Amino acid sequence: MGDATFKTYERIKKIIITHPTDRLPAERELAERLNVSRSVLREAIRILEFEGVLKAIPGSGTYILKNEGLDLKFDFSLNVRFEMSYLTELLQIRRLLEGQAIELAILRNSRADLNKLESLLLELERAMKEKRDFAEIDNQFHDQIFSMAGNNLLWQVHRGLSSSLEIFWVKITRGVELFGIDTLSYHRQIFEGIAEKDIRKAREALDRIIDSDIREAETLKRHEITTVGE
């Protein structure tokens, strides 16, 4: 499904949910309303027909067979600005989101969840000690916390934020090895806090990770400015 078709598909579902009726507007009218070509509109309608949501009857119209229980994509995106003030804002939001995820993870985690989080922690510790690139493992560790929280909307917002942070880190840490290695012990404290159901311990460790990221990023930025000025 192309991007334009997918967006049209999602917008039609929103129309179905928010404007209760037995059929969609005429094809020309709907295409103009959604500002898409009629070919894109037809493709989106075909997919919804396949899913049993719509039924197109030639010469009569497109009828709605199902208008409840439809899943809608949560559209969350951020426009990344490569400025320290923006990075600080991103990290402040991450602090709030992950703090909430930690609390939910403590309430809802299972032994299997904890085993997976511990496995990622051990892998992260090995990578850091062996001075290997650990960015992907670190992402998986924090993703697991959001997964354990069991809140799909919180997870989706986290992924949008995480994608923006990843882009920022790639730019600001280019050529810098082992950015964030000083946070190793704090990751273990987060795990221990969740395992021990100690919210304060886990959140304090998260605060130290965020504060460390901000300090290290600011140091890199100052170094970059100094180097350029020389």
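Please treat every number below as a calculation from the coordinates, not as lab data. Computed from a prediction, not measured in an experiment: that's the story for all the values here. All Cβ positions, glycine included, derive from the backbone under ideal geometry; neighbour counts span all protein chains shown.
Listing for the model above:
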quantity	calculated
Distance in nm between pseudo-label sites at Lys131 and Arg215 (7 Å out along the Cβ direction from Cα)	2.2 nm
Spin-label pair Ile167/Arg28, simplified geometry with 7 Å Cα→Cβ offset, distance in nm	4.0 nm
Exceeding the 25 Å Cα-Cα cut-off - candidates Lys129/Lys197; Lys7/Lys66; Lys131/Lys197	Lys129/Lys197; Lys131/Lys197
Förster radius 45 Å - calculated FRET efficiency between Arg200 and Ala4, Cβ distance, rounded to 0.05	0.40
Label point 7 Å beyond Cα of Ser60 along Cβ direction - residues of region 1-29 with amide nitrogen under 18 Å	21-27
Peptides ranked, highest mean first, by Cβ atoms within 10 Å: ranges 209-215, 101-107, 55-61	101-107, 209-215, 55-61
